[in-house]
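**Q** Dumping the structure here so I can ask a few things about it.
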Amino acid sequence: MLANGSGLLASGPVSAAASAAGSSLETTLASAPPSPRSPSGAPSLLPQQMYWFARSKEFEKLEAHNLFDCIECGCCSYVCPSNIPLVQYYRASKAQITKQKQDNQRSEIAKARFEARQQRLEHEQAEKEARRKARSAKAKQAKAAGSDHSSAVIQAAIARSSAKKAAQDPAQAAIERAKAARSGGAAAASPADKVAKLESCGVTVTERVPLKVGENRHNAEYLATKAAKSGHLL
Ligand code: SF4
């Protein structure tokens, strides 16, 4: 292990080779800036291990072995007895690690943008759907209100027309009574009740006309009962 004057420490091949390299190597190491991760002077760069990690592309281990503390001074390559271009391996690994980090960062940004866009689109879709439902409900409400109003107006017009006809035509009045009886609304009412109701609606009953249906032995008793109990003019 070799300790230089500025605090940079080298071990293993570097230290052994540095001794052999003599004073020129010591001068080079002395000029290197101190590693920020080795303030206590402990060995921080292991060229041989870094070489193997670089060859096997184990970038995490390379970083854990402080690859980025290497200043690429070239001393380890210079003294390597096998003439392995160590610095080139380190330099290439640094470039690959940097590119990998940039790619990961870009990927994270793209992912975040995609998720934000998806969220925005979903939000817009939900708002659109809510507006559509509100419009639909409002249209239905308006249609129902219009329908009720129209229906009421039509019914009122029919009632007025019928009342007018009944007032002018006794036969029409009988028809109206028959209609009312069929619909069940006045089925249980006596002729006197019906006259009272018509007059309460503003229809003046000026005359009651007997309805001659023809009497025979089969209906004589029935007609007599109706005339006696309900006041029918038969
Ligand atoms: S090239 Fe890097 S690992 Fe080799 S001696 Fe220089 S600083 Fe140390």
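Read-outs throughout are calculated quantities, based only on the coordinates presented, and are distinct from any laboratory measurement. Computed from a predicted structure; not experimentally measured. Here the Cβ positions follow ideal geometry from the backbone for every residue, glycine too, while neighbour counts run over all protein chains shown.
**Q** If R0 is 45 Å, what FRET efficiency do you get for ALA95 and GLU122 from their C-beta distance, rounded to 0.05?
**A** Computed FRET efficiency for ALA95 and GLU122: 0.65.
**Q** Restricting to DSSP loop positions (anything but H, G, I, E, B) with no more than 15 other Cβ atoms inside 10 Å of their own Cβ, which trypsin sites (Lys or Arg not before Pro) remain in segment 133-234?
**A** LYS212, ARG217
**Q** To continue, here is another question. Just list whichever of LYS111/LYS140; LYS179/LYS229; LYS61/LYS111; LYS165/LYS212; LYS140/LYS194; LYS138/LYS194 have alpha carbons separated by over 32 Å in the model shown.
**A** Going by Cα-Cα distance, LYS111/LYS140; LYS140/LYS194; LYS138/LYS194 fall outside the 32 Å limit.
**Q** Moving to a separate point now. Using a Förster radius of 41 Å, what is the FRET efficiency between PHE114 and ALA137 based on their Cβ-Cβ separation? Nearest 0.05, please.
**A** With R0 = 41 Å, the Cβ-Cβ based efficiency is 0.75.
**Q** What is the gain in length, in nm to one decimal, between ARG106 and SER147 on full extension, counting 0.36 nm per residue of separation less the C-alpha to C-alpha distance?
**A** 8.7 nm
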